[in-house]
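Worksheet for the structure shown next.
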Amino acid sequence: MVAVSKAPIEKLEDYKKRMGWTFKWVSSLDTDFNCDYQVSFTPEEMQKGEMVYNYTASKFPVEEAPGISVFYLDNNGGIFHSRGLDMLNGAYHYLDLGPKGRDEDALSYPMAWLRRYDSYDKSL
């Protein structure tokens, strides 16, 4: 597994250390990688108001979106790419069970409620 983010590698390494993570994490800063895989959108795409995300043209509220890609190389050299995120996000499974579901319509962006383990008030 390799994680890719647009931040400078120094910032990623600092965050990785803070969270206690050990997986490989690389920076796509100053590359087209995120746009190529349709998880980052240009100002022109944002202004147009419709972009392709998860193989579907739709409006998206922010310039950066989460994404997970899985690649497969077959015996003939063919490369296959699949995407998807919801089934790996356990929090959504629990939220979807509630009477109001994810209830994200009024939020400024999806998952705005998310907090890191070290940012909660621990005095409660």
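Picking from VAL62, VAL52, which residue would you name as being surrounded by 10 or more Cβ atoms within 10 Å (Cβ to Cβ), aliphatic (A, V, I, L, M), in contact (Cβ under 8 Å) with a residue 24 or more places away in the chain and outside any helix (DSSP H, G or I)?
Numbers: VAL52 fails: in contact (Cβ under 8 Å) with a residue 24 or more places away in the chain.
Unique residue meeting the criteria: VAL62.
Taken over region 6-18, the criterion of being farther than 17 Å from ARG116 by Cα and of a type outside the set (D, E, K, R) is satisfied by ALA7, PRO8, ILE9. Against the test of being more than 14 Å from the chain's Cα centre (by Cα) and either of a type in the set (Lys, Arg) or closer than 26 Å to TYR120 by Cβ (or both), the options GLY98, GLY49 yield a single qualifying residue, GLY98.
Across region 95-122, what is the total count of residues that are of a type outside the set (A, V, I, L, M, F, W, C) and surrounded by fewer than 10 Cβ atoms within 10 Å (Cβ to Cβ)? Going through region 95-122 one residue at a time, the tally reaches 13. Residues being outside any loop (DSSP other than H, G, I, E, B) and under 23 Å from TYR120 (Cβ atoms) are entirely absent from region 32-44.
Considering the conditions (1) surrounded by 10 or more Cβ atoms within 10 Å (Cβ to Cβ); (2) free of Cβ contacts under 8 Å to residues at least 12 places away in the same chain; (3) hydroxyl-bearing (Ser, Thr, Tyr), TYR72 is excluded by exactly one of them, (1). With respect to being at pLDDT below 90 and of a type outside the set (D, E, K, R), PHE71 fits the description. When TYR15 is tested against the conditions (1) exposed (fewer than 14 other Cβ atoms within 10 Å of the Cβ); (2) free of Cβ contacts under 8 Å to residues at least 12 places away in the same chain; (3) not acidic (Asp, Glu), the lone failure is (1).
The values are calculated or read from the model by the stated rules, or taken from the named source; none is laboratory data. All values reported here derive from a predicted model rather than from experimental measurement. Note that we place each Cβ from the backbone using ideal geometry, even for glycine, and neighbour counts take in every protein chain shown.
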